[in-house]
Amino acid sequence: MSAHPTVDPAPPQHGDAHSHTPQSPPSEDGPRRPWTVFAIAIAAQIMVILDVSVVNVALPSISDALHLSSADYQWMISAYVLVSGGLLLLGGRIADLLNRRRAFLAGVALFTAASLVSGIAQTPLMLILARAAQGAGAALLTPAALSIVMTSYTGRQRQTALAVWGTVGSLGIAAGVLFGGALTSAFGWRAVFFVNVPIGIAVVATTLRAVTTGESNPGALRRLDVPGALTLVGGLLALVFGIESIRSAGWTAPPTWIALAAAAALLTTFARLERRSRDPLVPPSTWRIRSLISASVVMAGVTGVVVGAIFLCSLYLQTIVGSSPVAAGLQFLPLAAAITLSATVASKVIGRVGARALIMEGLVVMAAGVLLLAVNAGGGSYALHVLPGLLLVGAGVGPMFVAISVAAMSDVPNEKSGLASGLMMTGHEIGAALGVAGLTAVAGDLTTRTGLIDGYGAAFIVTAVVLVALFLFTLIAVPAGKLPVDNHSHHH
């Protein structure tokens, strides 16, 4: 049994002319390419993923320095994930239409500059805006990075690359918490942002030397659906603003219904623009790739749960259990370990059991984990009250990220790889934003001790319900996945 998920690579006739030389069809025995290009892409991607959660542990420290309100807390995370999520599809189109390498370089440069500004921010607003700019950089960088990987590697190498990519996606969120805690304790919260600067500069320098993919396509700019992208981002921001407002002002307050009405209007406009546009952000044929669309939905739900859980647990550990930022970071290490181990096992068995079965198994384990966290709300011991739930959440998440990446990309032709990865990552980012917004809305006041304990319990009960819904959705909507073994031996 091969150690990598066996997914039929994209058939050669779809490949774009520049990605394969004619004598090397994307088969198991394509020529081996050096891993330099992959290393550059993954380094940039790690920065992006770390930044979803690196701020989590730093939040109490940032709050002390800049005097954050309950709403600021959530926007520190939401500004980043919403803008990156909302613009990812545009980023994917830019990578596919204009030039992967340029899109990647522009994204890394913007992300690095915004990290620098975040590090020197003096007010909550300045920091939130800089986080939004980081998100825009991430949206350009991520799809370009994945499509560079998809077009640079074939066969076995591509499978290995995708499996590593999926694992980094899940691990990065947990690692971000550890990394954020260590940096905050050692150098203060600003270091969390400054650390991206040297990495970003190194990535740009290496890319200029090592990455050659992509011709430019000067007429393509006219084909970018910018109005579509802007209505999507606007709609998502309004939606999260509305969810936040339910928590702070109540259902009936004008800000709440104005925001939710604006969200509905903008998202409806987005759908209309997409239908009428000659070159929509998401070409209609893409919506027909069932595996990609259903996997992206599951990706959104799962990421929302993980990021929301880390957000709440990080506040809980520092407020109720009394951990320092670095201790809280270390206390997430078992979560990271559980994710890595379970992801490794998953990538070995996915060829036999198929992606859907793995996703469903993961959802059941995760649901058990969040229920355990809910039952133990109020407990002051990390080992007794927090760790067991975190371990189960990790053991459930690992296989899912691997299986979702494989399921999503399994039927995607090469020339749509940038867009498809953009769609999947959009699920990831929007899920993260809505997860944090939704869980904080359910949790209520997180600034007091009793509020945090009650809210934490309630939020995890709601999370379990969401996971059950995702389980049913997966059962109905996600294709069983191509089994390279014989298709008749389904284990029920």
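What follows draws every value from the coordinates through simple rules; no lab data is involved. Remember, it's a predicted structure, so these values are computed and weren't measured experimentally. Cβ coordinates were reconstructed from backbone atoms using ideal geometry, including for glycine residues, and neighbour counts include every protein chain displayed.
Relative contact order of the stretch 225-278, taken over Cα pairs closer than 8 Å and 6 or more residues apart, is 45 percent. Relative contact order of the stretch 25-144: what whole-number percent is it, with Cα pairs under 8 angstrom and at least 6 residues apart? Rounded, it is 34 percent for the stretch 25-144.
Report the extension gain between Ala469 and Val197 in nm, rounded to one decimal, defined as 0.36 nm multiplied by the number of residues separating them, less their alpha carbon distance. Intermediate values should be presented prior to the final figure.
Working: separation 272, 0.36 × 272 = 97.92 nm, distance 4.06 nm.
Going from the current span to full extension adds 93.9 nm.
A simple spin-label model places pseudo-atoms 7 Å from Cα toward Cβ; at Asp64 and Met126 they are separated by 2.1 nm.
Computed over neighbours whose Cβ is under 13 Å from that of Val83, the net charge equals -1, Lys and Arg +1, Asp and Glu -1.
How much length is gained if the chain between Trp287 and Arg32 is pulled fully straight, taking 0.36 nm per residue apart and subtracting their Cα-Cα distance, in nm to one decimal?
Values: separation 255, 0.36 × 255 = 91.80 nm, distance 3.32 nm.
Taking 0.36 nm per residue and subtracting the Cα distance, the gain is 88.5 nm.
Dividing the helix sum by the residues of the chain, where each DSSP H run of 4 or more adds -39500 (n - 2.57), gives a mean residue ellipticity at 222 nm of -26000 deg cm²/dmol. Given +1 at the Cβ of Lys and Arg, -1 at the Cβ of Asp and Glu and no other charges, the dipole of the chain around its Cα centre is 740 debye to the nearest 20.
Efficiency by 1/(1 + (r/R0)^6): what FRET value for Leu208 and Ala39, r their Cβ-Cβ distance, R0 = 22 Å, to the nearest 0.05?
Numbers: r = 15 Å, r/R0 = 0.67.
Rounded to the nearest 0.05, the efficiency is 0.90.
Please state the shape class of the stretch 160-208: rounded when a/c is under 1.5, otherwise prolate if a/b exceeds b/c and oblate if not, all from the C-alpha gyration tensor. It is oblate, given that a/c is not under 1.5 and a/b is not larger than b/c.
When you count the other C-beta atoms within 10 angstrom of each residue and take the mean per peptide, 259-270, 419-430, 361-372 line up highest first as 419-430, 361-372, 259-270. Within the chain, the longest segment free of exposed loop sites, counting trypsin sites (Lys or Arg not before Pro) that fall outside DSSP classes H, G, I, E and B and have at most 14 other Cβ atoms within 10 Å, spans 33-277.
Scanning the chain for DSSP H helices at least 27 Å long along the axis (C-alpha atoms) with a Kyte-Doolittle mean no lower than 1.0 picks out 36-66, 100-120, 124-152, 226-249, 290-316, 333-353, 355-375, 387-409, 417-443, 449-477.
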